[in-house]
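Below is one structure, written out as structure tokens, with a few remarks after it.
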Amino acid sequence: MSETGNPSDLDHKTARIREHLNSALNRHGRVIYANSLGAEALVLTDIIWTQVPEIDMFSIDTGRLHQETYDLIEKIESRYKRKLRMVYPGAHSLEHLTALQGVNGFYRNLEARLSCCHVRKVKPFKDAVKGYRAWITGVRRGQSVNRARTLPVEWDNEYGLYKVSPLLDWSEAEVWHYIRAHKLPYNALHDRQYPSIGCLPCTRAVHPGESHRAGRWWWEHPEPRECGLHPRSRS
């Protein structure tokens, strides 16, 4: 991970995020942040909980998170003296999924993996954002070709609300500079070459020269490597 960044530029970009978040509140009223617990999420968590607390926040426990991710949740809650709302997949849906494809059926093909993501992440997400008019994401353009096409604010047809992405123009270096400058807790897996952290075993460390998304669903071709919350953009 990189720890460089221009402090004055970062202060300006941080102020822009506050403006972006407040604008979303003023325009949409009910806004919620879907906290991925990744590095970018720590920046948004800090800004939202300390400066824009009117925005609600949740994270999804898919039932297959790394232990280091659970450790991070405890550290976040201890730092801010707040409980992070956790959302879980439905027990009946999980039972049905494993009955159909087994515990590790997601390895078989893309359809099986997307079914697992749908039950463990997409459906809980849909339930969590019901009644809100906009949701906040931590995606950055530099994360993937697909995410490079994302707009700062766009209508999300899949979920029927606006999608707001205030970190789009941040670099990885700027994210880590903010984390270091504010002494934020972060997932220990980042120090072991995990730039993107999701479920176990669907996330691995990346090798030198690989893209940051290479560790996600590493047995698949690069193109479909999204969970469904951020579907591929149509060209």
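Before we move on, is Val145 more than 14 Å from Val31 (Cα to Cα), surrounded by fewer than 19 Cβ atoms within 10 Å (Cβ to Cβ) and either modelled with pLDDT under 95 or of a type outside the set (A, V, I, L, M) (or both)? Spell out the reasoning first.
Values: more than 14 Å from Val31 (Cα to Cα): yes; surrounded by fewer than 19 Cβ atoms within 10 Å (Cβ to Cβ): yes; either modelled with pLDDT under 95 or of a type outside the set (A, V, I, L, M) (or both): yes.
Judged against the criteria, Val145 is a match.
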Which pairs do you get when a residue that is touching a residue at least 12 places away in the same chain (Cβ under 8 Å), found in segment 64-91, comes within reach of a residue that is open to solvent by 70 Å² or more (accessible area, probe 1.4 Å) and not in a helix (DSSP H, G or I), reach meaning Cβ atoms under 7 angstrom, with the pair 6+ apart or on two chains?
Arg64/Leu200; Leu65/Leu200; His66/Leu200
Which condition breaks for Thr69 when tested against (1) surrounded by fewer than 19 Cβ atoms within 10 Å (Cβ to Cβ); (2) closer than 27 Å to Leu189 by Cβ?
(1)
Going residue by residue through segment 6-27, is there one that turns out to be within 26 Å of Phe106 (Cβ to Cβ), buried (at least 18 other Cβ atoms within 10 Å of the Cβ) and of a type outside the set (A, V, I, L, M)?
no
Does Asn35 satisfy being more than 29 Å from Arg113 (Cα to Cα) and either surrounded by 21 or more Cβ atoms within 10 Å (Cβ to Cβ) or modelled with pLDDT under 95 (or both)?
no
Tell me whether segment 141-157 contains one or more residues that are over 25 Å from Val52 (Cα atoms), more than 16 Å from the chain's Cα centre (by Cα) and free of Cβ contacts under 8 Å to residues at least 40 places away in the same chain.
yes
Quick one: would you say Arg113 is within 30 Å of His96 (Cβ to Cβ) and in a loop (DSSP other than H, G, I, E, B)?
no
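Taking the condition modelled with pLDDT under 95 and open to solvent by 10 Å² or more (accessible area, probe 1.4 Å), does Leu94 pass? Full working, then the answer.
Values: modelled with pLDDT under 95: no; open to solvent by 10 Å² or more (accessible area, probe 1.4 Å): yes.
So Leu94 does not fit the description; no.
The values are calculated or read from the model by the stated rules, or taken from the named source; none is laboratory data. Note that the structure is a prediction, hence the values are computed from the model and not measured. As a convention, Cβ positions derive from the backbone with ideal geometry for all residues, glycine included, and neighbour counts pool all protein chains shown. These area figures cover heavy atoms from the full protein model, side chains too; ligands, DNA and RNA do not enter into them. Shrake-Rupley method; radii C 1.70, N 1.55, O 1.52, S 1.80 Å.
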